[in-house]
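The values are calculated or read from the model by the stated rules, or taken from the named source; none is laboratory data. The structure displayed is predicted, hence computed values, not measured ones. Don't worry about glycine lacking a Cβ; one is built from the backbone with ideal geometry, like all the others, and counts go over all protein chains shown. Side chains included, ligands, DNA and RNA excluded: accessible areas come from the protein's heavy atoms. Shrake-Rupley method; radii C 1.70, N 1.55, O 1.52, S 1.80 Å.
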Amino acid sequence: MNIHPILSDIKNRAFKPVYLLQGEESYFIDTIADALEATVLTDAQKGFDQSIFYGKDVDMSTIVNSAKRYPMMSDNQVIIIKEAQELKWKSDTEELLTKYLEHLTPTTILVFCYKHGKFDKRKKIYKVFEKAGLVIDAAKLYDDKVAPWIGSYMKEAGWRIHPQASVLIADYLGNDLSKISNELDKLMLNVPKNQEVSMDDVERNIGISKDYNVFELNTALAKRNALKAYQIVDYFVANPKNNPLVMVIGQVATYFTKILKYHYLIDKTAAAKELGVHPFFLKEYELAARNYNRRKTFDVLNVLKETDLKSKGVHVPSNFNSAEILKEMIYRILN
């Protein structure tokens with residue numbers, strides 16, 4: 001999701017009278033709400049004209065009555081309802097809010113932060129929200145979009161980060177953007193602005209091993225480097241908390257799915273876009289495709305499917321543990 005136009009409008013003081021910020025990705029919701037909280041009023045004005053409520057602690061009548069008031073010390077008043085999904089969204093309370101949204105107080109900026117799910121679009125009030133102000137759907141980023149997002153985040157802040165470092169962070173931290181942004185902020189405190197953030201910087205400041213991670217495991221498998229692959233697996237076995245079996249299987253499966261997709265691309269010049277990877281990594285996918293033909297890639301994906309079942313206790317000997325499941329998986333991929 002691109003929230004930059006919204007943030008730009010807020011910076012330029014082009015505010016909407018009501019915001020419904022809803023969806024699975026809390027980071028986008030918090031970023032917009034924080035921008036409004038920081039921009040509309042000065043610190044001195046906030047004591048008079050800013051109200052922050054929490055959904056589980058407030059009722060709709062209190063919100064609506066507050067929204068109808070006029071500001072005391074500024075041109076606007078700001079009302080932010082955090083955890084708005086905890087509000088009692090019933091027909092009578094929705095009708096109360098609907099009436100307000102149809103007759104807005106022009107000096108009020110009303111913000112609903114509805115997290116961890118989507119607002120029901122079938123409700124009449126959803127259409128009223130859309131007509132009255134701004135509604136966003138803060139969807140989770142797909143895994144293959146996280147590394148590019150990291151690059152954009154750093155670029156906007158004035159830093160550069162190597163594509164491999166972005167992928168390393170994405171592979172390790174997943175798609176929790178709030179967690180990722182916190183770690184990137186730490187990186188920017190410790191790496192000079194004129195220096196590209198490297199794999200070494202990530203290892204030193206975030207604690208991710210640049211040599212022993214799923215990203216490097218996939219590279220070792222692509223090159224059919226058995227020694228390196230088993231070294232990484234041994235590291236995973238010794239550090240299971242940071243390298244859970246399910247996560248490792250899932251990321252290796254994602255990698256080989258892209259190899260299979262590469263095999264079927266008619267126009268290989270558009271491979272980076274089609275695979276959703278940085279052009280820097282194309283040579284590795286070309287090598288992997290040579291080392292794993294179509295038939296073998298299908299075989300590998302079947303191995304990964306079986307390994308996933310074993311990790312969940314299906315069709316696995318009672319004396320098998322995570323280490324043995326992982327080592328068997330690598331052996332079957334390479335042979």
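Extension gain, D144 to E24, is 41.5 nm, computed as 0.36 nm per intervening residue step minus the present C-alpha separation.
Using helices alone, I'd like the mean residue ellipticity at 222 nm for the chain: each DSSP H run of four-plus residues gives -39500 (n - 2.57), total over residue count, nearest 500. All intermediate terms of the calculation are to be shown ahead of the outcome.
On the way: 17 runs with 194 residues, N = 335.
Result for the chain: -17500 deg cm²/dmol, rounded to the nearest 500.
With the Kirkwood sum run over all distinct C-alpha pairs, the range 1-141 has a hydrodynamic radius of 15.1 Å.
Could you tell me which of rounded, prolate or oblate describes the range 171-296, using a ≥ b ≥ c as the square roots of the eigenvalues of the alpha-carbon gyration tensor, with rounded for a/c under 1.5 and, failing that, prolate when a/b is larger than b/c and oblate otherwise? Provide the component values of the computation, followed by the final result.
Values: a/c = 2.02, a/b = 1.38, b/c = 1.47.
Judged from the Cα gyration tensor, the range 171-296 comes out oblate (a/c at least 1.5, b/c at or above a/b).
Taking each residue as 0.36 nm, the span from L189 to N225 lengthens on full extension beyond its C-alpha to C-alpha distance by 9.3 nm.
The simple Förster model, with R0 at 35 Å and r as the Cβ-Cβ distance, assigns L309 and E156 a FRET efficiency of 0.25. Pick out, from S209, F280, A270, the residue whose Cα sits farthest towards the positive end of the charge dipole of the range 199-289, with +1 on the Cβ of Lys and Arg and -1 on the Cβ of Asp and Glu. Selected residue: A270. Placing +1 on each Lys and Arg Cβ and -1 on each Asp and Glu Cβ, with no other charges, gives the chain a dipole about its Cα centre of roughly 920 debye. I want the antiparallel fraction of DSSP beta bridges within the chain, as a percent rounded to 5. If we restrict to bridges inside the chain, about 5 percent are antiparallel. Helix 245-263: angle to the longest alpha-carbon principal axis of the chain, degrees 0 to 90, nearest 10? Its long axis makes an angle of about 80 degrees.
To the nearest 0.05, how large is the calculated FRET efficiency for E130 and K268 if R₀ is 51 Å and r is the Cβ-Cβ distance? It would help to have the intermediate numbers written out before the result.
Details: r = 43 Å, r/R0 = 0.84.
The value I calculate is 0.75.
Between the range 67-123 and the range 254-330, the C-alpha centres lie 47 angstrom from each other. Accessible surface for the chain, divided over its residues, is 52 Å² per residue with a 1.4 Å probe. In terms of its C-alpha gyration tensor, the range 208-261 comes out oblate, because a/c is 1.5 or above while a/b does not outweigh b/c.
Taking square-rooted eigenvalues a ≥ b ≥ c of the alpha carbon gyration tensor, is the range 56-101 rounded, prolate or oblate, where a/c under 1.5 means rounded and, failing that, a/b exceeding b/c means prolate? Cα axes put the range 56-101 in the oblate bin. Ranked by the mean number of other Cβ atoms within 10 Å of their residues, highest first, the peptides 223-236, 91-104 come out as 223-236, 91-104. For W159, the accessible surface of its heavy atoms amounts to roughly 40 Å² (probe 1.4 Å, protein chains only, rounded to the nearest 10). Applying 0.36 nm per residue to the separation of T42 and N302 and subtracting their alpha-carbon distance, the gain on full extension is 87.7 nm.
In whole percent, how big is the carbon plus sulfur part of the accessible area of the range 179-335, probe 1.4 Å, protein atoms only? If you can, show how the numbers build up before the last one.
Details: 4400 of 8500 Å².
Roughly 52 percent, rounded to a whole number.
When E328, E183 are compared by accessible area of protein heavy atoms, the largest-first order is E328, E183, using a 1.4 Å probe.
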